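A quick write-up on the structure given underneath.
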Amino acid sequence: MKYMLMVLGNQADYDAMGGKGSAGNPAWSEADVKAMFDHMNALNDDLAESGEWVDGQGLTEPRRTRLVSAGADGSPVVSDGPYGETKEVLAGYWIVDVADFSRAAEIAARAHACPVPEGAPNYPVVVRPVDEGAGTEM
C-alpha cells in the first residue's frame with residue numbers, strides 16, 4: 001500500500017536554515033544543515049535499497065509559493081501564497097510503497113528523528129494513505 005509522508009514547515013524555518021534566526025527559530029549552522037541532509041539522504045538511500053521508495057522531494061520556501069485559480073474565462077489567475085494565517089505548509093514528502101500503516105509509521109518516526117538545532121521546531125510527520133482506488137482504507 002502506498003502512503004504519503006509529509007514534513008511540515010514555515011517560512012521562518014527556511015529562514016533559520018539559511019542562517020537567519022527568529023523567536024522560536026534559532027539560526028542553523030552549516031553543520032546543522034549538513035546533519036539534516038545527511039539524515040534525510042540516509043533515509044532516502046535505505047528506502048530505495050529496500051524497494052519501498054516511490055518518490056520524495058523537498059520543496060522550496062513558502063515565499064515562492066503561488067496560488068492559482070481560474071478567471072471567468074478559464075484563464076489562470078495567479079496570486080502570492082500561502083496566506084499569512086497559514087501556520088505550516090508542506091516542506092517535503094515521500095511516497096512509499098509498504099506492507100502496511102505500521103511500516104509507514106516506522107519510516108515517519110525515523111524522518112521525525114532528524115537532527116535539528118536546540119530550540120528549533122520539530123513538527124510531526126503526517127502519514128496519509130494514497131487513494132489507489134475506491135474503498136481504500138487505512
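The values are calculated or read from the model by the stated rules, or taken from the named source; none is laboratory data. Just so you know, these numbers come straight off a predicted model, no measurement behind them. A quick note on method: Cβ atoms are made from the backbone with ideal geometry, for glycine too, and the neighbour counts reach across all protein chains shown.
Here are the numbers for the structure shown:
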{"quantity": "Subset tally (residues that are surrounded by 10 or more Cβ atoms within 10 Å (Cβ to Cβ) and in a loop (DSSP other than H, G, I, E, B)) for segment 61-71", "calculated": "2"}
{"quantity": "Residues located in segment 4-26, provided they are under 19 Å from residue 113 (Cα atoms) and either of a type in the set (A, V, I, L, M) or in a strand (DSSP E or B) (or both)", "calculated": "4, 5, 6, 7, 8, 9, 16, 17, 25"}
{"quantity": "Residue 64, sole failed condition from (1) at pLDDT 95 or above; (2) out of contact with any Gly (no Cβ under 9 Å at 6 or more places or on another chain); (3) farther than 21 Å from residue 129 by Cα", "calculated": "(1)"}
{"quantity": "Exclusive hit being more than 16 Å from the chain's Cα centre (by Cα) and in contact (Cβ under 8 Å) with a residue 60 or more places away in the chain, set 2, 20, 34", "calculated": "2"}
{"quantity": "Checklist (1) at pLDDT 95 or above; (2) of a type outside the set (Asp, Glu); (3) touching a helix residue (DSSP H, G or I) at 6+ places or on another chain (Cβ under 8 Å) applied to residue 24, failing item", "calculated": "(1)"}
{"quantity": "Residue match in segment 78-85 (condition: modelled with pLDDT of 95 or more, exposed (fewer than 15 other Cβ atoms within 10 Å of the Cβ) and not in a loop (DSSP other than H, G, I, E, B))", "calculated": "no"}
{"quantity": "Candidates 74, 56 - the one that is modelled with pLDDT of 95 or more and either of a type in the set (Val, Ile, Thr) or assigned to a loop (DSSP other than H, G, I, E, B) (or both)", "calculated": "74"}
{"quantity": "Hey, residue 52 closer than 24 Å to residue 34 by Cβ and charged (D, E, K, R) or not", "calculated": "no"}
{"quantity": "Residue list for segment 90-138, restricted to those being part of a strand (DSSP E or B), under 16 Å from the mean Cα position of the chain (by Cα), at pLDDT 95 or above and farther than 19 Å from residue 38 by Cα", "calculated": "95, 96, 126, 127, 128, 129"}
{"quantity": "Test for residue 69: is it at pLDDT 95 or above and of a type in the set (Gly, Ala, Ser)", "calculated": "no"}
{"quantity": "Scan of segment 37-52 for residues that are closer than 13 Å to residue 114 by Cα and touching a residue at least 60 places away in the same chain (Cβ under 8 Å), ordered by number", "calculated": "39, 40, 43"}
{"quantity": "Criterion violated by residue 33 - all others in (1) closer than 28 Å to residue 132 by Cβ; (2) surrounded by 12 or more Cβ atoms within 10 Å (Cβ to Cβ) satisfied", "calculated": "(1)"}
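Residue by residue, here is whether (1) surrounded by fewer than 17 Cβ atoms within 10 Å (Cβ to Cβ); (2) of a type in the set (Ser, Thr, Tyr); (3) farther than 25 Å from residue 132 by Cβ holds:
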{"residue": "9", "(1), (2), (3)": "no, no, yes"}
{"residue": "16", "(1), (2), (3)": "no, no, yes"}
{"residue": "19", "(1), (2), (3)": "yes, no, yes"}
{"residue": "23", "(1), (2), (3)": "yes, no, yes"}
{"residue": "94", "(1), (2), (3)": "no, no, no"}
{"residue": "109", "(1), (2), (3)": "yes, no, no"}
{"residue": "117", "(1), (2), (3)": "no, no, yes"}
